[in-house]
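Just below is one structure, and these are the notes that go with it.
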Amino acid sequence: MSTISTGQTLSPIPRRLVVRGVNWIGDAVMTTPALLRLREALPGAHITLLTHEKLAGLWPGHPAVDKVMTFAAKEGVFSVARRLRERQFDTALVLPNSLRTGLEVWLAGIPRRIGYAGGGRGWLLTQAVPWRTGVTRMRKRTPAEIRQLVSGPVPAGLATGAPSAESHHLHHYLHLVAAMGAKPEALAPVIAVADAEVAAVKAKFNLPEGLLIGLNAGAEYGPAKRWPTDRFIAVAKELRVRLGCGFVVFGRPEEVTLVDGLLAALGPEDRHCVTNLAGKTSLRELCAALRACRVVVTNDTGPMHVAAAVGTRLVGLFGSTSIELTGPGLPGDARHTLLHGEAACAPCFLRECPIDFRCMKSLGTAQVVEAVIRATV
């Protein structure tokens, strides 16, 4: 009988494997190195990815996945489990840490069920993988802690060292697939987009010819992640003068008002070189449009991760979040310039700043402009 040996034995080798995916765009992109390592370790397995329907557009043509199975936003756990049972999977790998995802594969009667322990769901898994030790985890600071940090010397109890290289979130998923025999070494995240898809998006939305710079001024998590819109405007105006470039402006349907304000602030002489895609693309079209750009200037949000994974260079702006924990692409990739504001309280991981937003306000437009110009070379 064939086995995989990684300290724990998984026997026999999976043949029909379902991977229960995560539910957010950025997190989904960060799972792709683990999926690629899983494919490398199990070349003969049929791998199905179970994912929320809103994320289906990430996966066409992906080399790690044979089939994508989606579920609807309001679909219940019993419905998902029934559909999983019909597929007769022999193994389930559960990437999220929730009780619900453990219940889905347990109710489906899948013989082997691998995922992280904890959260009261260990009994639902046949292989509960211990949590990683020696890594830094995200923790929201309280407003009181933030005020302490900015008011003077940092209290000993609030001081934090630099996160280890293994603390980046993509290692969270690599550690899980290592329990199935896959290599734990990091790879760059990948979202596959064909040249024909890029050409189709350019034609559909009449994107400007020549050098294209993407602007992504929103962030779904909250305003603490958003660099001030007037600074995006200032950067766009300066880049237009110095590079003669065109712009593609990205945003979710909920951010249309924010994007409209950005466009209104540009002079009429510049608007002809701007394509507004806020709320106008499918997720698949977003992937292709991001790949059409030479560089994307972006807050820390889902499209930032997508842009890096399709091969576009980034100038990423970080304030309340951590480059070391959730930065885009392969950590240390020199193609990307990731800028963080100077603030004793950062990263706080809060949705809204309880003080004066100093982390983002300390990022000046000049350094962003220069980073974009360097990235276009």
_Cross-link table 54/202; 74/225; 140/204, entries beyond 31 Å C-alpha to C-alpha_ = 140/204
*If a helix is a whole DSSP H run, which ones in the chain reach 20 Å or further along their own axis (Cα) and hold a mean Kyte-Doolittle hydropathy of at least -1.0?*
229-243
*Where does the Debye-calculated log10 I(q)/I(0) of the chain sit at q = 0.10, 0.15 Å⁻¹, using only Cα point scatterers of equal weight, no solvent?*
-0.69, -1.32
_Relative exposure of 330, 55, 38, judged by other C-beta atoms within 10 Å (fewest first)_ = 330, 55, 38
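Which ordering of 353, 293, 273 is given by a fewest-first count of other beta-carbon atoms within 10 Å?
Values: 353 22, 293 25, 273 17.
Listed from fewest to most nearby Cβ atoms, that is 273, 353, 293.
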*What residues of region 338-363 lie in the reach of a label at residue 265, counting those whose backbone N is under 20 Å from a point 7 Å from the Cα along Cα→Cβ?*
339-342, 352-353, 356-363
*What is the dipole size for region 196-375, taken about its Cα centre, with +1 at each Lys and Arg Cβ and -1 at each Asp and Glu Cβ, in debye to the nearest 20?*
340 debye
*Relative packing of peptides 363-370, 203-210, 30-37 - highest average C-beta neighbours within 10 Å first*: 30-37, 363-370, 203-210
*Taking a quarter of the surface of the Cα convex hull of region 196-375, what do you get in nm²?*
9.6 nm²
_Cβ-derived FRET efficiency at R0 35 Å, residue 283 paired with residue 342, nearest 0.05_ = 0.50
*What is the spin-label model distance, in nm, from residue 54 to residue 87 if the labels are put 7 Å beyond Cα along the C-beta direction?*
2.1 nm
*In nm, what is the difference between 0.36 nm times the number of residues separating residue 137 and residue 72 and their Cα-Cα distance?*
20.4 nm
_the chain, relative contact order [Cα under 8 Å, separation at least 6], %_ = 17 percent
*To the nearest 0.05, how large is the calculated FRET efficiency for residue 123 and residue 361 if R₀ is 56 Å and r is the Cβ-Cβ distance?*
0.70
*Would you kindly state how much longer the chain becomes between residue 200 and residue 257 on full extension, computed as 0.36 nm times their sequence separation minus their alpha carbon distance, in nm to one decimal?*
17.9 nm
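Coordinate-derived values only; no laboratory data. Keep in mind it's a predicted model, so treat the numbers as computed, not measured. Cβ sites come from the backbone with ideal geometry, for glycine too, and all protein chains shown count toward neighbours.
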